[in-house]
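What follows draws every value from the coordinates through simple rules; no lab data is involved. Every value quoted in this text rests on a predicted model; they were computed, and no experiment measured them. Note that each Cβ is placed from the backbone with ideal geometry, even for glycine, and that neighbours are counted across all protein chains shown.
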Amino acid sequence: MGRLTDLLNYGPISPFRLRTKLLLLALTTLALPWAGCQYAREMETVLRESEQQSLLAVTTTIAGSLKGRQELLFRADSLPGGEASNPRDLTPVVLSGAPLIDGRADEWDTDARNLIRVAGPGTDSLRLLAATHERWLYLALLVRDNRLVFDASELAPLDRDTLGDRIWLAFDDKRGGQQRLFFGGTGVGALRGRYIETLEYGREQALEEPRIEAVWQRTRNDDGYVLEIGIPLSMVGQHLGVLIDDRDRRGAARVSYGTLDPSDLRATGRLIAASPDLGEHLRQFSQPGVELTVASATGAILTRMDAPALPGDYTRFRGFLPRMYRLFLDGDVIPRSVTQAERERAAQSLTERAVKGAPATALIAGRYENSVTVAAAAPIFSADGKHIIGVIQLAQTADRWLTLRDRALTRLLNLTLFATLFAVGAAFWFAGRMTLRITRLGHASETALGREGNLSRVLPESNAKDELGDLSRSFSSLLGRLDEYTGYLRTLAGKLAHEIRTPLTIIRSSLENLESEANSDNARIYIARAREGSERLGAILTAMGAATKVEEAIAHSERQRFDLAALVRAAVGAYGTAFPERRFTCEAPAEPVMLTGAPDLIVQLLDKLIDNAVDFSADGATIAVSLRVDDESAELSVANPGPPLPDETATRLFESLWQSRSEADRRPHFGLGLYIVRLITEFHGGSARAANLPDASGAVFTVRLPR
Amino acid sequence: MKKSIAIVEDERAIRDNYAAAFAREGYAVRGYPNRREALSAFAARLPDLAVIDISLEDEPEGGFELCRQLRGLSAELPIIFLTARDSELDAVSGLRLGADDFLTKDLSLAHLIARVNALFRRVDALRRPAEEKQVIRRGALSLDSERMTVEWNGQVVLLSLTEFWIVYALTKHPGHVKNRQQLMDAANVVLDDNTITSHIKRVRRKFQAVDEKFDAVHTVYGMGYRWVE
């Protein structure tokens with residue numbers, strides 16, 4: 001509240017300049033969050049690299065544990081011997097769940113590397129997918145056929161030249177031979193594979209194989225069919241192949257294509273499947289959030305272990321602020337969301353790098369927006385270390401450290417934002433206080449000399465220990481010296497008057513003596529002039545001493561109760577005769593206005609105000625004297641028509657020796673009149689002020705006296 | 001025989017000018033520059049009237065001291081302070097020491113001589129028995145214009161010459177307002193407003209010293225003063 005009134009009193013001395021500066025200064029704390037971001041990015045890089053390194057180390061460790069252990073990598077029946085890789089080799093993918101045998105391969109988590117494509121005549125083609133789950137091998141044959149003809153083998157199953165589409169499946173059996181089964185599509189639904197058994201006398205018969213399940217289905221866009229087959233792995237040996245037998249019209253040549261040798265229906269392509277123990281072995285390395293993939297040297301995926309869920313919630317921070325932060329944080333480091341195919345290609349290229357013999361790491365965009373996977377791949381060497389028998393790849397979601405980074409950053413940014421707000425607030429407060437203090441000091445030093453002839457030496461802030469206190473103290477000592485000086489000046493007039501009086505007396509008494517001597521006429525003229533001069537000098541001396549006399553008179557004044565209204569009325573009545581060339585009006589309450597003070601001094605005060613009004617008005621002008629009273633004070637004002645006051649003189653008018661007179665005046669004037677008014681007003685505890693009349697037609701001097 | 005006047009004044013030019021003026025009026029004048037010389041001369045023979053400056057050579061208040069010593073030598077001797085010092089305090093001190101008048105050097109020689117003459121006249125009058133016709137009576141006041149004495153309720157009120165003339169001017173036409181200029185003319189002085197005010201104040205106080213209820217001198221604001229019976 002005090003501060004507010006101060007502000008009101010001292011006015012709008014542009015209190016915002018210093019404040020604005022400090023405010024801008026405080027805004028530099030915004031560099032803190034920026035530095036924090038840079039640090040966080042740096043930290044993130046380090047974190048990511050160490051994450052990649054540690055993942056690579058784990059990968060290399062697992063690869064080491066698999067070194068030379070082909071039997072652990074591949075199932076016993078499909079140990080890749082010295083044979084060179086064959087395009088007919090089938091590498092089934094390991095599924096995490098058993099697929100539904102329904103003639104649809106959509107749910108198979110397949111990979112390009114586990115796919116064999118064989119082109120047929122025209123637009124016909126075969127795509128062969130293989131997968132394992134636990135002790136089962138699953139095959140999906142996606143056949144594109146320009147003309148679908150159902151197999152008539154139900155009627156004559158052994159007729160090799162029968163019409164329709166027939167699918168042959170051949171694989172090594174446990175006895176060293178090969179089994180051949182055929183599937184003849186007879187419509188949508190489950191069907192059994194049949195094998196041809198040669199009985200005695202060369203008689204053949206088709207028997208159903210009950211252990212093998214199969215479902216035939218048309219493709220969705222009806223450009224062929226799908227055959228999904230489930231075979232117990234125990235039945236299958238090292239080699240396996242399929243053949244599409246397509247005879248659309250009677251008499252037309254039979255078209256066969258696939259991975260079997262069409263002449264003897266013999267499978268030469270190998271089934272390279274992971275050993276069932278591989279999963280068991282890898283499980284010991286399993287850790288939360290890490291996906292583990294083992295691929296063969298050709299890059300075909302042998303097994304994939306999905307990442308167990310991470311403990312805790314590492315979904316990345318959502319909300320407005322984190323998104324804003326990420327906007328200028330992530331930059332180019334993390335790829336935006338990509339398609340599944342792109343991710344697979346990235347994983348594949350990483351595996352290919354490892355196949356070349358060196359461990360490698362990469363950042364792969366994750367499955368969700370803004371998620372990132374750190375991947376590392378390492379080759380698995382044969383026992384002699386010369387061949388690469390497989391590749392192991394670990395993928396870990398980076399969500400955890402990204403989330404950690406985001407959290408840390410969010411907290412950092414929130415903190416610095418808060419700190420900035422605080423700093424700005426503190427700066428604002430500090431600047432406001434500083435401005436107020438400086439304003440107060442400035443105002444005090446301005447008014448110290450302004451209104452008071454005798455300086456007030458006590459300035460605000462003089463007890464403060466800071467630089468403002470020093471400033472205040474030096475102001476005080478300056479004002480003190482100034483006070484001594486003005487004191488000297490004030491008494492100078494009186495002293496001077498006294499000192500001049502003696503020589504003036506000599507001159508005057510000499511002139512008077514000279515006058516009484518017999519003189520010539522000329523001498524009398526000169527004597528008269530000299531006397532006139534000395535009289536004027538005497539008048540000047542009297543005027544110079546007047547202030548001192550008033551001060552003296554005030555010092556000896558006694559206070560009494562008197563009726564101010566009666567005094568004003570009587571005095572104004574007398575002015576009419578004293579200044580016949582002016583008119584006077586008096587406005588005063590009819591009832592007595594009792595005041596405690598010195599009536600003689602009040603009359604003198606009124607005299608001075610009237611003198612002033614007469615001096616500044618023309619002949620015939622009306623001088624208005626008014627007395628207004630309220631509960632606390634009486635206000636006496638004297639208004640005269642005439643030239644308005646210059647603005648800057650409003651307060652200075654009441655200072656000693658200040659006068660605002662333009663025209664030459666023969667009477668001695670020292671501007672003491674209004675100074676005497678001030679002295680008398682102050683003796684009564686009041687205040688005096690000067691102002692222009694509202695229409696600038698003159699000036700009004702007002703004295704306010706407390707009752 | 002010529003009346004003798006002693007002028008004690010350290011400023012030689014002033015002293016000689018005053019001496020010349022008094023001599024012209026037919027007085028025998030002796031001038032002294034300081035208290036010591038004045039006192040040794042007075043010890044031999046007292047003057048008929050003494051005009052004393054307050055500040056004498058090395059003694060800033062030597063005139064006061066001289067006045068006291070002179071009063072010790074003679075109670076009737078008229079003493080006039082004539083000084084450049086015009087402060088209220090000096091005037092009060094001087095009059096309290098028994099001086100008959102306290103004048104500033106602004107006063108013209110003619111005015112000064114008028115006072116000196118008046119004082120001599122009063123000394124003469126005091127030596128003669130009182131004459132009833134010269135006494136003005138206004139209620140409790142009786143004023144002898146020749147002897148320049150004032151009584152209130154039969155009690156003597158000791159006034160300086162200036163004060164007497166002010167009271168005389170006021171009481172000559174009771175109820176009439178006398179402005180400051182008129183009072184100054186009556187008292188043969190040129191004074192500023194404040195000095196008149198302090199003279200009036202002193203007059204009131206001196207009357208109040210013999211009668212607490214004294215309230216005959218009224219201020220008419222803006223005009224002057226009047227005597228009210």
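Side notes on the structure shown:
- Calculated SAXS-style log₁₀ I(q)/I(0) at q = 0.05, 0.07, 0.10, 0.11 Å⁻¹ - the protein assembly as shown, Debye, Cα scatterers: -0.56, -0.78, -1.16, -1.29
- The mean sequence distance of close C-alpha pairs (under 8 Å, at least 6 residues apart), as a share of the length of the range A:460-584, puts its relative contact order at 20 percent.
- Nearest-20 debye value, the protein assembly as shown charge dipole, Cβ charges on Lys, Arg, Asp, Glu: 1140 debye
- Its Cα gyration tensor gives the range A:460-573 an equivalent ellipsoid. The semi-axes, each the square root of 5 times an eigenvalue, are 47, 27, 11 Å from largest down.
- Phi-derived couplings, Karplus 6.51 cos²θ - 1.76 cosθ + 1.60 at θ = phi - 60°, listed residue by residue for the range A:424-439: 5, x, 5, 4, 4, 5, 4, 5, x, 5, 4, 4, 4, 5, 5, 4 Hz, with x used for Gly and Pro.
- Once backbone amide H atoms are built at 1.01 Å from N, A:R582 has A:G620 as its partners under 5 Å, excluding neighbours fewer than 5 places away on the same chain.
- Within the listed set B:R121, B:R138, B:R24, the residue fluctuating most in the Gaussian network model of chain B (springs between alpha-carbon atoms under 10 angstrom) is B:R24.
- Dipole orientation for the protein assembly as shown: of the candidates B:L73, B:I7, A:L139, B:L73 has the Cα lying most toward the positive pole (charges on Cβ; Lys, Arg +1; Asp, Glu -1).
- For the pair A:L421 and A:E635, a Förster radius of 45 Å applied to the C-beta separation gives a FRET efficiency near 0.30, rounded to the nearest 0.05.
- Compared with the rule-of-thumb size 2.2 N^0.38 Å for a compact globular protein, the range A:213-262 has a Cα radius of gyration ratio of 1.44.
- Förster radius 25 Å - calculated FRET efficiency between B:N34 and B:F120 (Cβ-Cβ, nearest 0.05): 0.45
- Centre-to-centre separation between the Cα atoms of the range A:525-592 and those of the range B:169-229: 16 Å.
- For the range B:99-225, a crude dipole built from +1 on the beta carbon of Lys and Arg and -1 on the beta carbon of Asp and Glu, taken about the Cα centre, is about 100 debye to the nearest 20.
- 30 Å Cα-Cα threshold exceeded, pairs from B:K3/B:K133; B:K2/B:K201; A:K174/A:K386; B:K2/B:K105: B:K2/B:K201; A:K174/A:K386
- Simple point charges give the picture: +1 on the Cβ of Lys and Arg, -1 on the Cβ of Asp and Glu, and for the range B:1-135 a dipole about the Cα centre of about 680 debye.
- Amide H contacts under 5 Å for A:V93, placed H, 5+ residues apart: A:A130, A:A131, A:T132
- Dipole axis of the protein assembly as shown (+1 Lys, Arg; -1 Asp, Glu on Cβ), positive-most option in B:L39, A:Q560, B:V157: B:L39
- The A:A696 and A:F430 beta-carbon pair, evaluated with R₀ = 41 Å, returns a calculated FRET efficiency of approximately 0.35.
- Bins of 5 Å, starting at 0 and running to the largest distance - Cα pair percent for the range A:192-306: 2, 8, 10, 15, 18, 15, 12, 8, 6, 3, 2, 1, 0
- Separation of the A:L492 and A:R411 label points, Cα + 7 Å toward Cβ, nm: 7.5 nm
- The H on the amide N of B:L82, modeled in the peptide plane, is under 5 Å from the matching H of B:I52, B:D53, B:I54, B:L103, each at least 5 residues off or on a different chain.
- Choice from B:I54, B:I113, B:I166 showing the highest fluctuation, given a GNM over chain B with Cα pairs closer than 10 Å: B:I113
- Hz values of 3J(HN,Hα) by residue in the range B:45-56 - Karplus curve (6.51, -1.76, 1.60), Gly and Pro given as x: 7, 7, x, 7, 7, 10, 10, 10, 8, 6, 8, 10
- Estimated inter-spin distance, A:R529 and A:E515, nm [label 7 Å along Cα→Cβ]: 1.7 nm
- The listed peptides A:374-382, B:10-18, ordered by packing as a protection proxy, come out as A:374-382, B:10-18 (highest mean of other Cβ atoms within 10 Å first).
- Between A:L23 and A:L199, the contour length at 0.36 nm per residue exceeds the alpha carbon distance by 53.0 nm.
- Vicinal HN-Hα couplings computed from phi for the range B:61-72 (Karplus, 6.51 cos²θ - 1.76 cosθ + 1.60; Hz; Gly/Pro x): 10, x, x, 4, 4, 4, 4, 4, 5, 5, 4, x
- Cβ-based net charge around A:S626, under 15 Å, with every Lys or Arg adding one and every Asp or Glu removing one: +2
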